[in-house]
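Novice: Starting off with a structure, shown below.
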Amino acid sequence: MKNKMFYLLVLGQVVLLLILAGQYYLIDSYGATFKIYLDDSQDYSFLGNDRDVYVDYEIREIPQEKWGIEREISSRENVYVKLEVNKDGVFEVVDVADHKLTPYDTDQIILKAKYIYDFSGRYFVEYGLQDKIPVDYFVDVARDKPIVASFQRAPWGQVKLIKIENEN
Amino acid sequence: MLNRSTLKKAGKKWVEKDIISPKQLEQILNLYPKREPRLLLTIFSILLISIGFLTFIFSDWAQVPQFSRVLLMVLFMVTLYVAGHILYEKEQKILGITLLLLGFVAFGANLLLAINIYSIILFNAWPFVLWSIVSLFLFMIYEHRWIFFTGIAVTTIGQINSFILYDSFNYFLIAILLLGFTHFAYHRKEQLYCYLVTISFVLQAVFFINVYEQSYYWLLFYYMLLYIIGYILKGTHFSVSIRRIALISTFILGMFQSFVLHDVYLFSEEIEYNILFFTVWMIAFTGITLLKISQNNYEDLAPIILYLPVFYLPFASIFSLLVLFTFSLTYIMIGYTKDNYSKVFYGSIAFLLSTLTAYVQYAWDTLNKSLFFIIGGIILLAMSLVIERQRRILRGESGDVR
């Protein structure tokens, strides 16, 4: 009995870790692609260490008029951000709510985020998207043009960075 | 419990004075287990190796998202677990538990690793929930106190993590504590388990009120509930630890409260009349008072002074100090009348802390800083002399070896 329980417990842990790792590789087959801008107020040539570049995404900063939450919310509280594709095929924030949102069509996606703080009418949120990116991704990217990051997003909510490129 | 080495020293005197024979001393000493220094070394080795795992996770080697590396780490974890299990079954208990615990830490490290390299997005503390559940199951299988300790630590740290990163209170973690660990603490009749569970509860209550932006005084109610539970369970092994921890935490809260009330704006607290708090407080407070009176347990009324909601009164800061002093003095007095050494001792410590609280509040602003420390030191010295004197008197009276 004790033996059985022990091996079951260990097996459970192994399975769990393999699921966590495995889902990353499944995102490629089941995910849908979306693109977002990198924050253009920064020059990404010199940031980070020799191997990685630390990036900020444009959608982390939300102007007052798109912030759809009336009440005062506390820092680190969860919010839902609705993104909509623009004419260049890149997603931008259109609405924020403190409750679950549903996308209207495939031109919209909903990302869950944490509200951090606001400053003179601009609200800052955190999506948990990968922000430390290996330098290799930037090899063919011109720093003086708008940069976009392509992500693959799985139905179970996990997101994977595919590539960094200039806007077409 | 008496310390073996002090007993040995005292025992030699008894042998010299022909009170007992050397053989009897030996027999008495055999009643007291030797502390194994090896145990401490083992615990330190577990700690060091665990820290090693956790830092390795953030090394360059581990930061590349490759499935083979995760697989290697998982294999390593399984090896630790299985080796630990086999050794434990072969009666190599300590080594076995050590390896099992290292396997457990490796699991947590692997969770962290997977989350980190695959940038898994987290919106609550579920990794800690899983980690705590694993510790609970491990404890169910081996029933070892180290596993219990580790499990409680992981659960509590998980709650802190949930508060800091997500500003939320994790109900799964408190459920694991209250349904899982408390169950074992209650049924295994181990003092240590009871203390650990209660301390974790007391800490989690602090995060609870912070997340829900309740005022600090709600803690007074939660700790009173804890105390009442301890009182109702009187006669069981759980009771002492619960009441002790409840009183200690309320006392610390009382010290904190006197600072808050001294300068409400500094702590940005709003002491407003909260009807809900007052109602539930009233019910609980009357309940416990009546219960004690009906049992003719008058001297036991002293501790509940700590639970008075003095913050409603004018000059609340002074009243909050008064509560602390009254509590300490009644404890000392009861201890003297009942010849209860430990009550006098704890009462004196409480008195010392109350004095310090009052001193810091009233002297910090007015006194020159160096004078502040010198006078504070002198007060402490005088108090410690008084306590030491009491201790000797009591020791002389009871003839106890301490």
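Novice: Report whether or not A:Leu16 is more than 30 Å from A:Ile110 (Cα to Cα) and either within 14 Å of chain B (Cβ to nearest Cβ) or in a helix (DSSP H, G or I) (or both).
Specialist: no
Novice: Between A:Leu9, A:Leu38, A:Leu26, which is more than 20 Å from A:Val139 (Cβ to Cβ), in contact with a helix residue (DSSP H, G or I) (Cβ under 8 Å, 6 or more places away or on another chain) and either modelled with pLDDT of 90 or more or more than 9 Å from chain B (Cβ to nearest Cβ) (or both)?
Specialist: The match here is A:Leu9.
Novice: In addition: Being within 14 Å of the chain's Cα centre (by Cα), under 23 Å from B:Asn170 (Cα atoms) and either not in a strand (DSSP E or B) or not small (Gly, Ala, Ser) (or both), is that true of even one residue in segment A:87-101?
Specialist: no
Novice: Okay, next question. Can you tell me which residue within segment B:101-127, out of those that are surrounded by 22 or more Cβ atoms within 10 Å (Cβ to Cβ) and free of Cβ contacts under 8 Å to residues at least 40 places away in the same chain, is farthest from B:Gly151 (Cα to Cα)?
Specialist: B:Leu111
Novice: Out of the residues in segment B:109-125 meeting the condition of being within 9 Å of chain A (Cβ to nearest Cβ) and under 13 Å from B:Gln63 (Cβ atoms), tell me which one is modelled with the lowest pLDDT.
Specialist: Filtering segment B:109-125 for residues that are within 9 Å of chain A (Cβ to nearest Cβ) and under 13 Å from B:Gln63 (Cβ atoms), the one modelled with the lowest pLDDT comes out as B:Ser119.
Novice: A further question follows. When you check A:Lys82 against the structure, is it of a type in the set (Lys, Arg), under 18 Å from the mean Cα position of the chain (by Cα), surrounded by 13 or more Cβ atoms within 10 Å (Cβ to Cβ) and away from chain B (no Cβ under 14 Å), yes or no?
Specialist: Judged against the criteria, A:Lys82 is a match.
Novice: Turning to a different aspect of this structure: Checking the condition within 12 Å of chain A (Cβ to nearest Cβ) and either surrounded by fewer than 20 Cβ atoms within 10 Å (Cβ to Cβ) or not acidic (Asp, Glu) (or both), which residue from B:Ile86, B:Ile94 passes?
Specialist: Working: B:Ile94 fails: within 12 Å of chain A (Cβ to nearest Cβ).
Testing whether each residue is within 12 Å of chain A (Cβ to nearest Cβ) and either surrounded by fewer than 20 Cβ atoms within 10 Å (Cβ to Cβ) or not acidic (Asp, Glu) (or both) leaves just B:Ile86.
Novice: Also, quick follow-up: Before we move on, is B:Ile147 farther than 30 Å from A:Lys112 by Cβ, buried (at least 16 other Cβ atoms within 10 Å of the Cβ), more than 9 Å from chain A (Cβ to nearest Cβ) and among the β-branched types (Val, Ile, Thr)?
Specialist: Considered against the rule, which asks whether it is farther than 30 Å from A:Lys112 by Cβ, buried (at least 16 other Cβ atoms within 10 Å of the Cβ), more than 9 Å from chain A (Cβ to nearest Cβ) and among the β-branched types (Val, Ile, Thr), B:Ile147 comes out as yes.
Novice: Name the pairs whose Cβ atoms lie under 8 Å apart, with the first residue in segment A:62-76 and within 14 Å of chain B (Cβ to nearest Cβ) and in contact (Cβ under 8 Å) with a residue 40 or more places away in the chain, the second outside any strand (DSSP E or B) and hydrophobic (A, V, I, L, M, F, W, C), and 6 or more positions between them or separate chains?
Specialist: Within 8 Å, the pairs are A:Arg76/B:Leu165.
Novice: Considering B:Leu41, B:Leu29, B:Leu47, which residue is in contact with a Gly (Cβ under 8 Å, 6 or more places away or on another chain) and either under 30 Å from B:Ile117 (Cα atoms) or away from every other protein chain (no Cβ under 14 Å) (or both)?
Specialist: B:Leu29
Novice: Given (1) within 14 Å of chain A (Cβ to nearest Cβ); (2) under 30 Å from A:Met1 (Cα atoms); (3) touching a residue at least 24 places away in the same chain (Cβ under 8 Å), where does B:Leu71 come up short, assuming only one miss?
Specialist: The number of the failed condition is (3).
Novice: Here is a follow-up. Quick one: which residue in B:Thr198, B:Thr155 is farther than 27 Å from B:Met282 by Cβ, of a type outside the set (Gly, Ala, Ser), more than 14 Å from chain A (Cβ to nearest Cβ) and assigned to a helix (DSSP H, G or I)? Break it down into steps so the answer makes sense when it comes.
Specialist: Working: B:Thr198 fails: farther than 27 Å from B:Met282 by Cβ.
From the options B:Thr198, B:Thr155, the qualifying one is B:Thr155.
The values are calculated or read from the model by the stated rules, or taken from the named source; none is laboratory data. In this text, all values refer to a predicted model and were calculated from it rather than measured experimentally. All Cβ positions, even for glycine, are placed from backbone atoms using ideal geometry, and neighbour counts span all protein chains on display.
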